[in-house]
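As structure tokens, the structure follows; a few thoughts come after it.
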Ligand SMILES: [Zn+2]
């Protein structure tokens, strides 16, 4: 019974006793609510106070289907080397992280996306309209395997130069950095989602030395044609279920048309690399140390 053993009969008012609420820090205030045309205006200073609280948080979301909370927490505890600690919580779309140290928060934000089990956890600061943030994601991190890299280019600058053909270089895996496995270089780049990914291109090293670099993309996340969020296709979109019949048909037709155009471009070899494959465990030449 709330309040512990007592000789008095239980009363619900005990739940609202001032000392109990104060000690828990759970007190709430009552506001005067003003309504205009049936809509309640939220005071600006309330929103500003809220932003001070939430600005401390970073958010994370998977571009594809998410992993379970305990697994994500376990991986992040291994990957994020930090001075302090972090608290993690989640709702159905996002993970939320709060750090005991400002330096840790900054380091995690600078470090950016975290790859685990072949999927990508995008990390960013919390904003008031997180959904808009997810929709307006124009660049995403992807891993690229670069084949045929001449050894003279196998230094940080050279790999960054070659990766720049795909997007903005982000990092390289350890075997690439340490030149332990030289069959291909694996780098992570920020790729602009609407741009075509190159299959290959030639680099000119000297008059008699032109080399061909080819690119392989182990994993490119799908994006929904309806809500523009990564992680599901239009067939599985919860948003489309709320549209009326006519809107739904129009969206599906548009998506169908896009798919047909995409197929046509793919046949012509213009859309993404012909060597594009969906990540499916470790491929040839990979081992567990190179798994993304
Ligand atoms: Zn959707």
Quiz item: What tally of residues in the stretch 188-208 results from selecting those that are over 12 Å from residue 165 (Cα atoms) and buried (at least 17 other Cβ atoms within 10 Å of the Cβ)?
Solution: 1
Quiz item: What about residue 165, is it surrounded by fewer than 18 Cβ atoms within 10 Å (Cβ to Cβ), touching a strand residue (DSSP E or B) at 6+ places or on another chain (Cβ under 7 Å) and not assigned by TED's automatic domain parsing to the domain that holds residue 226?
Solution: yes
Quiz item: buried (at least 16 other Cβ atoms within 10 Å of the Cβ), more than 16 Å from the ligand (Cβ to nearest atom) and outside the structural domain of residue 92 (by TED's automatic domain parsing), is that true of residue 145?
Solution: yes
Practice problem: Please work out which residue is farthest from residue 152 (Cα to Cα), limiting yourself to the stretch 209-231 and to residues that are without any contact (Cβ under 8 Å) to a residue 60 or more places away in the chain and either crowded, with 16+ Cβ neighbours inside 10 Å or assigned by TED's automatic domain parsing to the domain that holds residue 117 (or both). | Solution: 226
Quiz prompt | Matching residues in the stretch 148-180 - criterion: being over 28 Å from the mean Cα position of the chain (by Cα) and over 16 Å from residue 216 (Cα atoms) | solution = 150, 151, 152, 153, 154, 155, 179, 180
Quiz prompt | Selection status of residue 201, touching a helix residue (DSSP H, G or I) at 6+ places or on another chain (Cβ under 6 Å) and farther than 27 Å from residue 227 by Cβ | solution = no
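The values are calculated or read from the model by the stated rules, or taken from the named source; none is laboratory data. Given the structure is predicted, the values throughout are model-derived calculations rather than measurements. Using ideal geometry, Cβ is built from the backbone for each residue, glycine included, and neighbour counts are taken over all protein chains shown.
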